[in-house]
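One structure below.
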Amino acid sequence: MPTILHEFDWPDRVVVGTVGQPGSRTFYLQVRSGAQIVSIALEKQQSALLADSIDEILDQLMSTEGNPFSVPTSTPVELVDNEPLEQPVEEDFRTGTMTLGWDPSTVQIVIEAFPIVVVDEDDIGDDLLDVVDAATVDPEQMLLLRIPVGTARAFAKRTHEVVGAGRPLCPLCGDPIDPDGHDCVLRDEP
């Protein structure tokens with residue numbers, strides 16, 4: 001079966017948002033172009049790493065002599081998007097592998113997202129049970145997203161804010177504090 005490609009070259013909107021309460025939130029990367037909306041589920045750590053990596057690429061490009069790509073140092077005000085995810089949120093797939101790149105010909109960040117690969121043990125040999133390369137398995141779906149540098153900077157900023165908006169962290173142990181309290185393992189130590 002051929003891969004369903006969700007491709008966005010110049011999307012109208014690209015954001016990370018959540019559904020649910022802190023402690024049990026589901027993170028989504030949502031992209032819209034016209035009436036086409038794709039929502040893929042991410043782990044919180046994937047969201048944070050994606051934002052960090054985008055900032056890192058943009059900072060490297062910005063430090064290039066003469067900043068030939070006009071990479072902004074901060075989020076352009078006109079690109080700030082604090083609106084919630086577009087409803088209803090319908091998960092197209094849960095993200096496994098992601099790649100991130102740069103296309104100098106279009107001056108865009110390129111994000112590829114692939115679903116988690118589930119392999120039936122009966123379909124592979126015994127010597128391959130421990131290692132399954134996602135690149136060798138044709139995914140059912142794939143997201144290919146290209147966003148300009150200003151949009152990428154705004155996306156990374158919002159993503160950092162969404163990730164940071166979860167439960168507060170305990171100042172002693174660093175674990176999240178639930179609304180009904182927290183049993184800190186370090187509080188009882190001498």
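Which residues, taken from region 66-93, are touching a residue at least 12 places away in the same chain (Cβ under 8 Å) and of a type in the set (V, I, T)?
Listed by number, the residues that qualify are V71, T75, V80, V89.
So how many residues does region 146-190 have that are farther than 20 Å from P76 by Cα and assigned to a strand (DSSP E or B)?
4
Restricting to region 153-190, count the residues that are over 24 Å from V14 (Cα atoms) and out of contact with any strand residue (DSSP E or B) (no Cβ under 8 Å at 6 or more places or on another chain).
16
Suppose we keep only residues that are at pLDDT below 95 and either on the phi > 0 side of the Ramachandran plot or in contact with a His (Cβ under 7 Å, 6 or more places away or on another chain) (or both) within region 38-97. Which one would you say is surrounded by the fewest Cβ atoms within 10 Å (Cβ to Cβ)?
The extreme case among them is G66.
Name the single residue, out of those in region 1-37 being part of a strand (DSSP E or B) and hydroxyl-bearing (S, T, Y), that is surrounded by the fewest Cβ atoms within 10 Å (Cβ to Cβ).
T26
Go through region 97-109 and report how many residues are out of contact with any Pro (no Cβ under 9 Å at 6 or more places or on another chain) and in a strand (DSSP E or B).
6
Considering only residues of region 47-75 that are part of a loop (DSSP other than H, G, I, E, B), of a type outside the set (A, V, I, L, M, F, W, C) and closer than 16 Å to A154 by Cα, which is farthest from the chain's Cα centre (by Cα)?
S70
Against the definition (of a type in the set (A, V, I, L, M, F, W, C), in contact with a Lys or Arg (Cβ under 8 Å, 6 or more places away or on another chain) and touching a residue at least 40 places away in the same chain (Cβ under 8 Å)), how does I57 come out, yes or no?
So I57 does not fit the description; no.
In this structure, is E112 at pLDDT 95 or above, surrounded by fewer than 17 Cβ atoms within 10 Å (Cβ to Cβ) and either part of a loop (DSSP other than H, G, I, E, B) or not polar (S, T, N, Q) (or both)? First the steps, then the outcome.
Details: at pLDDT 95 or above: yes; surrounded by fewer than 17 Cβ atoms within 10 Å (Cβ to Cβ): yes; either part of a loop (DSSP other than H, G, I, E, B) or not polar (S, T, N, Q) (or both): yes.
Spelling it out, E112 is indeed at pLDDT 95 or above, surrounded by fewer than 17 Cβ atoms within 10 Å (Cβ to Cβ) and either part of a loop (DSSP other than H, G, I, E, B) or not polar (S, T, N, Q) (or both).
The values are calculated or read from the model by the stated rules, or taken from the named source; none is laboratory data. The model shown is predicted, which means the values in this text are computed figures rather than measured ones. Please note: Cβ atoms are built from the backbone with ideal geometry, for glycine as well, and neighbour counts cover all protein chains shown.
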